[in-house]
Amino acid sequence: MNANPSKVAIVTGAGSGIGRAVAAELLRTGWSVALAGRRSERLAETAALVPDGASVAVRTDVAEPADVDGLFATAVDRFGRLDLLFNNAGTFGPGGVPVEDLPYEAWRHVVDTNLNGAFLCAQAAFRQMKEQDPRGGRIINNGSISAHTPRPRSVAYTATKHALTGLTKALSLDGRPYDIAVGQIDIGNAATDMTARMQVGALQANGEVAPEPVMDVEDVARTVRHMAELPLGANVQFATVLATAMPYVGRG
C-alpha cells in the first residue's frame, strides 16, 4: 500500500488518445493512477510520459467482468483507495457502414466496450467508494457530442453514447447517499489518432465529405482534472468541450 496522500484514479483506455492525455495530466499534478487498457505496451508508454509519477499498469478488457475486478483490486491494493474513475475506454466501431449492412458482431463489440464496460467499471467503483474511509469518490464518464447529435452512419457509437448519458444520470442519483459524484464530459474533435481522419475529411449530414477542425487533447485533459478536483459537494454534471469551429451547433 502506498503512503502517498495524493488522490487515486483509475483511467480506462489509458494507452492512447484522451485516456493517455488525462492519465498524464493527473500524474503530472500529483495523482496516483492505475492505467487500464488492452495493450500492455501502450500502457507502458503512457507511464513513461511521467516517469516519476505514481502509476501502475493493468491490462484490462473492460467488457470482461473478471478483468474489471482485477483492475480495481490491483488499484486498491497498490494505492489504498479510489477517488476517481475516468470511464474512458471506447471504440467507434466500423465507420461509414450503412445501418442495414452493419454486422451484428460489430454492433455487439461497440455495445460491450462503450456501454457494458462503462457499467462494469462504475459498478466496481461504487462497491469500493461506498465502503472506503473516507467514503465517496467521483466518476467521470467520457460521453461524446454524439450523445446529443449523431454523425451519419454511426448507429452503434451514437446509441451507446446516448445510453451513457442515461447511465450517468442514474449513477449520479444512486450515488448521492454515498458521497459519490458522477458527471460526464462530452468531447468533440480532440486531436488523437482516432480523429486524425477528420482533418482530412469526414462525412457530413448532407452527404459531402469535408475536413473538420480539431482541438488540442490537452485541453480535454485539463477539463477532466478540473472536474475531478472539485470537492465532492460540487459536481459538473455535464461538460461539453469541442473544437470551436467544428460543424456541430446550428448548420455548421
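Things worth noting here:
- Qualifying position, being under 30 Å from PRO213 (Cα atoms) and either in contact (Cβ under 8 Å) with a residue 12 or more places away in the chain or crowded, with 16+ Cβ neighbours inside 10 Å (or both), among ILE185, ILE180: ILE185
- Answer residue from region 1-39, given it is polar (S, T, N, Q) and under 18 Å from the mean Cα position of the chain (by Cα) and is farthest from ALA75 (Cα to Cα) among those: SER16
- Scanning region 84-105 for residues that are surrounded by fewer than 17 Cβ atoms within 10 Å (Cβ to Cβ), in contact with a helix residue (DSSP H, G or I) (Cβ under 8 Å, 6 or more places away or on another chain) and not in a loop (DSSP other than H, G, I, E, B) turns up just one, VAL99.
- Residues of region 1-16 satisfying the condition of being among the small types (Gly, Ala, Ser), surrounded by fewer than 24 Cβ atoms within 10 Å (Cβ to Cβ) and either modelled with pLDDT under 95 or more than 17 Å from ALA191 (Cβ to Cβ) (or both): ALA3, SER6
- Candidates ARG42, ARG81, ARG108, filtered to the one that is part of a loop (DSSP other than H, G, I, E, B) and basic (Lys, Arg): ARG81
- Region 169-208, residues that are at pLDDT below 95, farther than 17 Å from TYR248 by Cβ, not hydroxyl-bearing (Ser, Thr, Tyr) and not in a helix (DSSP H, G or I): GLY207
- There is at least one residue in region 218-226 that is more than 13 Å from the chain's Cα centre (by Cα), over 20 Å from ASN114 (Cβ atoms) and basic (Lys, Arg).
- Enumeration of residues in region 62-78 that are assigned to a loop (DSSP other than H, G, I, E, B) and surrounded by 18 or more Cβ atoms within 10 Å (Cβ to Cβ): VAL62, ALA63
- Only listed residue being touching a Pro at 6+ places or on another chain (Cβ under 9 Å), free of Cβ contacts under 8 Å to residues at least 40 places away in the same chain and not β-branched (Val, Ile, Thr), chosen from ALA191, ALA210, ALA205, ALA170: ALA210
- Note on region 231-252: residues that are touching a residue at least 60 places away in the same chain (Cβ under 8 Å) and in a loop (DSSP other than H, G, I, E, B) amount to 4.
- Region 209-229, residues that are outside any strand (DSSP E or B) and more than 20 Å from PHE86 (Cα to Cα): PRO211, GLU212, PRO213, VAL214
- Some residue of region 40-54 being free of Cβ contacts under 8 Å to residues at least 40 places away in the same chain, surrounded by fewer than 24 Cβ atoms within 10 Å (Cβ to Cβ), within 19 Å of ALA124 (Cα to Cα) and small (Gly, Ala, Ser): no
- Among the residues listed as PRO94, PRO103, the single one being farther than 22 Å from ALA147 by Cβ and over 16 Å from the mean Cα position of the chain (by Cα): PRO103
The values are calculated or read from the model by the stated rules, or taken from the named source; none is laboratory data. Computed from a predicted structure; not experimentally measured. A quick note on method: Cβ atoms are made from the backbone with ideal geometry, for glycine too, and the neighbour counts reach across all protein chains shown.
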